[in-house]
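Scroll down for the structure; my scribbles are underneath it.
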Amino acid sequence: MKKVIIRKTEEIENWRRNINSEINFIPTMGNLHNGHIKLISTAKNDNSNVNLVSIFINPLQFDNKLDLENYPKTIDNDIKISFSNGADAIFIPSNEDIYPPNNKNIKFLKAPIELSSALCGLNRIGHFDGVCTVVYRLLNLIKPKNLYLGEKDWQQLLILKNLVLRKKLNVAIKSIPTQRDFDGIPLSSRNLHLSKKERKLIKFFSSELLEAKKNFHQDKKINLNEIIKKLSAKKISIEYLEHLHPHTLQKARLEDNISLLAGAIRCGETRLIDHVFLMKRRPIIAIDGPAGSGKSTVTKLLAKKLKLLYLDTGAMYRALSWLMMKESIDYTKEEKLENILKDISIVFKSNTNSHQDVYVNNYCVTEEIRSQKVSSIVSKISSIKEVRKFLVEEQRKIGESGGLVAEGRDIGTTVFPHAELKIFLTASIDERAKRRKSDKNSKESQEIDLHTLKELIKKRDFEDSNRKISPLTKANDALEIITDGYSVDEVVDKIIELYDDKIPKETEIK
Ligand code: PAF
């Protein structure tokens, strides 16, 4: 494809009509560095869309005239960098193109007060209004499928996500982690202005944040005053240093697994921001739903794609039911149950086909636990209080350090109530019966007629939803996905989109 530079807003429309492709959009204010390069190359590698980089120094987002005047302008180099890293087109509009005088169609937007009145918003009056205004204008002109933004400006990212939701824009926001320079300071166009001495101070600031992150991982504690003292001892002028909830930007709560430690400092004329995410454990995704909703297939693929551990809690209940059946144990007798729970070991191991096998007391039961016989008693066994207590504890042990996607019926409500993402996966009875019938892993289901399968599913739903202990219910904060008519890949992609929205990419970096 011929690489183009577009300078007029009117040309955008023509260009869009001719390219015959969806657009990845990377908005910038120029003076491109490795952070921007990462955005452009991520867009290029993500899909086969056409990549458009915009370079526009937006006057509306500068609260200080001098800052605007001094903003580095390196347009020739920016063009070279963009094209050599995957841009197919560059949009370099003028001020008059973006804000035509007397054009009543230009909407000057306000950023939501709850997000813009914290952190940088406190000292940069109108800054986020300006960002919203220009990005909204650009999105309306370019109409991209994907918008690529850096997590370095985390507050900006939240505000723009909110803009997309508020204005019901049909664009997916993709973020990339903060890119750091050789000395650990976040890459920023403004770094150009730093003297050697200032750079050293910023390096100290960033290394304090990174140190706090490391310590938090071990102690699960943060002492803001201590950090402030250390920075003040170096005569670093702190604009703010806050420990917040990463999405609401309200004060972090004790139960928050992921929180944001964000700061802004001033060095001479330059103001710099940096942040880290503090994590108690790696993220957990909880997937609940009735039998046959596609949970297992979706969860397995999701775990693989996100490189998370896959925890099939249903298989644990089945494994226990299998053992009870095999040993002809009368599970209504408390003592017998106690004995079996005391000695049972249920272990998941990856097999050579990169699937998971289930072992009960070192015996592989992967196939046997899917038998109709096991299916017929698993709901009863899993409604026994002692069984649930025992297996929920086992599941929590497996999930202690997070990094897993668990499927079951009470994951979001009971096992991991603080999971970062909760999905309630469901499908109509007809669809679920059809899926069961074509389940290659269950020969028995394939032999049962569709009508009987439907009745069995209805019965199982009733038992699961009406048992006293941990009944199958949707957690208040779970997102429901009805999978009828969607392929497994489509459902998995949707969940990954939701996950990406909740979990900063930066948390994936060790
Ligand atoms: O992050 C930036 O560089 C700017 O705020 C943006 C998103 C290009 C809007 O001017």
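Worth a mention:
- Per-residue ellipticity at 222 nm from helix content only, as computed over the chain with -39500 (n - 2.57) for each DSSP H run of at least four residues, stands at -13000 deg cm²/dmol.
- Across Lys221/Lys300; Lys65/Lys229; Lys295/Lys434, pairs whose alpha-carbon gap is larger than 23 Å: Lys221/Lys300; Lys65/Lys229
- DSSP loop GluC sites (Glu not before Pro) with at most 13 other Cβ within 10 Å: longest gap in the chain: 23-254
- For the stretch 455-510, a simple Cβ point-charge model (Lys and Arg +1, Asp and Glu -1, everything else neutral) yields a dipole of about 460 debye relative to the Cα centre.
- Members of Lys213/Lys251; Lys389/Lys459; Lys389/Lys468 lying beyond 19 Å, as alpha-carbon distances in this model show: Lys389/Lys459
- Within the stretch 245-304, trypsin sites (Lys or Arg not before Pro) in DSSP loop having at most 10 other beta-carbon neighbours inside 10 Å: Arg253
- Count Lys and Arg as plus one, Asp and Glu as minus one, and take only other residues whose Cβ is under 11 Å from that of Val365; the net charge is then 0.
- The accessible area of Thr178, taken with all protein chains in place and a 1.4 Å probe, comes to roughly 20 Å².
- For the stretch 364-461, trypsin sites (Lys or Arg not before Pro) meeting the loop criterion (DSSP other than H, G, I, E, B) and having at most 14 other Cβ atoms within 10 Å: Lys440.
- Remark on the chain: Rg and Dmax equal 27.1, 84 Å (Cα only).
- Other-chain or far-sequence residues with amide H under 5 Å of Cys267's (modelled H): Leu272
- Dipole moment magnitude, nearest 20 debye, the stretch 55-165 about Cα centre, only Lys, Arg, Asp, Glu C-beta charged: 340 debye
- Accessible heavy-atom area order of Tyr317, Tyr359, highest first, probe of 1.4 Å: Tyr359, Tyr317
- The chain, dipole about Cα centre (Lys/Arg Cβ +1, Asp/Glu Cβ -1), debye to the nearest 20: 680 debye
- Chymotrypsin sites (Phe, Trp or Tyr not before Pro) lying in DSSP loop within the stretch 167-228, provided at most 11 other Cβ fall within 10 Å: Phe182
- Cβ-based net charge around Asn70, under 13 Å, with every Lys or Arg adding one and every Asp or Glu removing one: +1
- As a fraction of the 1.4 Å probe accessible area of the stretch 46-160, surface on carbon and sulfur atoms comes out at 52 percent.
- The chain: relative contact order in percent, alpha carbon pairs under 8 Å with at least 6 residues between: 13 percent
The values are calculated or read from the model by the stated rules, or taken from the named source; none is laboratory data. Computed from a predicted model, the values in this text were never measured in an experiment. Using ideal geometry, Cβ is built from the backbone for each residue, glycine included, and neighbour counts are taken over all protein chains shown. With ligands, DNA and RNA removed, areas are computed over all heavy atoms of the protein, side chains included. Shrake-Rupley method; radii C 1.70, N 1.55, O 1.52, S 1.80 Å.
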